[in-house]
1. Could you tell me the convex hull volume per residue, in Å³, taken over the Cα atoms of segment A:68-225?
2. So who's got an amide H within less than 5 Å of the one on B:Y90, skipping anything under 5 residues away but keeping other chains? H placed 1.01 Å off N, in plane.
3. Lys pairs in chain A, Cα-Cα under 29 Å, at least 8 apart or on separate chains: how many?
4. Provide the per-residue ³J(HN,Hα) series for segment B:216-228, in order, calculated from phi with Karplus coefficients 6.51, -1.76, 1.60 and θ = phi - 60°, each as a whole number of Hz, with x at glycine and proline positions.
5. Kirkwood Rh, Cα Rg: Rg to Rh for chain A?
6. Pull up all non-local amide H partners of A:H263: gap of 5 or more, or a different chain, and H-to-H distance under 5 Å with H placed in the peptide plane.
7. May I ask you to evaluate 6.51 cos²θ - 1.76 cosθ + 1.60, the Karplus curve with θ = phi - 60°, for each residue of segment B:123-135 and list the ³J(HN,Hα) values in order in whole Hz, giving x for glycine and proline?
8. Can you list the HN-Hα couplings for segment B:308-313, worked out from phi with the Karplus curve (6.51, -1.76, 1.60; θ = phi - 60°), rounded to whole Hz and with x for Gly and Pro?
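None of the figures in this text is laboratory data; all of them are computed from the coordinates on show. Remember, predicted model here, so these are calculated numbers, not experimental data. Quick reminder, even Gly has a Cβ in these numbers, built from the backbone with ideal geometry, and neighbours come from all protein chains shown.
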Amino acid sequence: MTSPVYHVTDVRFRHNHNRSAAKNWVFEGLSFAVSPGEFIGILGPNGSGKTSLLNLLARLKHPQAGTIRLFGENLVQLKQDAIARTVALVPQDYLPTFPFSVEESVLMGRFPHQRSDTFFSLLSGMGWESDVDRKIAWSAMQETNVAHLATRSIEAVSGGERQRVLIARALTQEPRVMLLDEPTAHLDLHHQMETCRLLRRLNDDRGLTVILVSHDLNLASQYCDRLLLLDHGRIVALGTPHEVLRAETLRAVYGCDVLVDQHPASGLPRITIPGRVNAGGSPMQSI
Amino acid sequence: MLVLVGMSFVVLAGCLRFGAEPVSFGDAARILFSALRGDPAERETAGPATVILLQIRLPRVLLSCLVGGSLAVVGAVLQALLRNPLADPYVLGISSGAAFGAGLAILLGIGTTLWALAALPLFAFAGGLLALLVVYLITRVDGQLPVSVLLLAGVILNAIFSACLMFVTSIMEPNRSFGMMTWLMGTLTAPTYQSLLVLALYLSTGSILLVRFARPLNLLALGEQAARSLGVEVEQVKHRVFVISALMTGVVVSVSGMIGFVGMVIPHAVRMVLGADHRLLLPAAFFAGAMFLMIADTIARTILAPAEIPVGIVTALAGGPFFIYLLISQKGAMTR
């Protein structure tokens, strides 16, 4: 029997700086599991705890109570580089302070794979990447379509290109799980779809487990197997897009009316904002 | 890299050549080689040039080489840790803490009785480490060091230590407080070969240890969360690097006082030329810093010869405009 990728049990978490306040728990008893090869979208309004959840899964933050198991092993007992060989996090945004090149940035994904126990590396101590490392980084750059930017400074590329560099870096970690915080936020339509297709392809071909946070309900509906809808740190719904993306559920969580119908090609739920009523078109019906 | 090492030797030779008492390259080379061979005949017939070169100029140039290199490496490392290209030992208050420690030692008369080798670096290191501990304890929130708070704590501590140092200076006898002032402005005096050896041991060990952290430092320069998610044991690396930096700063301050600008300008300049990878940057910064201070010190001791000016003045006057020039010439590239 294979153990689940993530097994989250009764996790309670609040930010440290909120210690004085009696309430302000971000999560009060969160439990769910993620199976290998799943493609999960975490949805929810601003401040519902999406990014906190991602940080907990990447062990950037520690829960005050409860356990998170990664492939059956307790997350708090794992070493940082062991986690980084399994889980890659693509942060939402990254403001560079120093002029690393795109290739250097991507190669940093090889850090958790460096061998520090060999005599040679003790001798040199500098930890230069090997040819294998370079090959892996290069194919990741080609997959995310940033290879042509290799020598450019990370400061000199556009926000969308930087986003794809971060995904290339995550791929270079050769992870089994990829966590992404709003990977399509800074991208135009073309690159939004490119990114989602790339993630889908990695998921289908290599069995990469993908967990992404998104505000884009439609993209999540089209590309994710399962959706996890958060509101004030509680799981409101967890299931297929059909089960989660219901007009009444969304109204309860987001506090506004939306139209939910079927995507004409995929048959998956499609969310439309109501807009102006009868503004020239024919009235639509919510289902 | 090899170019930098080569350039360093050229600069070293050049700095030996110039001084209040000029020695030609030929003479300098002849004296050095015979000293290396340990030729007894040469030692007996030693002229003033030999004495000046071997007893005064060479140790001093080597000292400036070590001090400049170390300051540049520590500066580069702190810039990476704080993700602030303007950081150096001074911003964190390590230097003023170390200077206060050393100043206290001088006030208590320890500096004059048990001269520099033993007591002064120890006091300076204690001061630097004290500054670091205070900054650390103020800043620490549940085992983490938020960078913004760290910077603020450093600035405030700097002010406090500077005030203490001024107090110490003001209650000294006038002639000693004058010496104190010159030392504070940054002065390199010719050391004995024994103390030079001890210094070299300290500083080269520290530099090599810091260079070994180059790869995790690359990742830390991206941000602590990014570094952690890429597998760096962030807190562990930070603690070690901070202690090594404090030690090196303490040693440097105790021998040369407060020499500013080297730790800030050199890493910045090297980064503009070679890029941000610390595996290249740190060793390159060492040699660039060494060259910079060797030249600066040569200027300091020749420009008003036979009198000298504190080298700290030269580094600030040379470093400042250079920094502005770099900023202006790179402005286009930075805003692209």
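1. Working: hull volume 21.4 nm³, N = 158.
Each residue corresponds to 136 Å³ of Cα convex hull volume.
2. For B:Y90, whose amide H was placed from the backbone, the distant partners under 5 Å are B:S95.
3. 6
4. x, 5, 3, 6, 5, 5, 7, x, 5, 5, 4, 4, 5
5. 1.00
6. Placed amide hydrogens put A:L268, A:R270 under 5 Å from A:H263.
7. For segment B:123-135, the Karplus-derived couplings read 4, 5, 5, 4, x, x, 5, 4, 4, 5, 5, 4, 4 Hz, x marking Gly and Pro.
8. 10, 10, x, 5, x, 5
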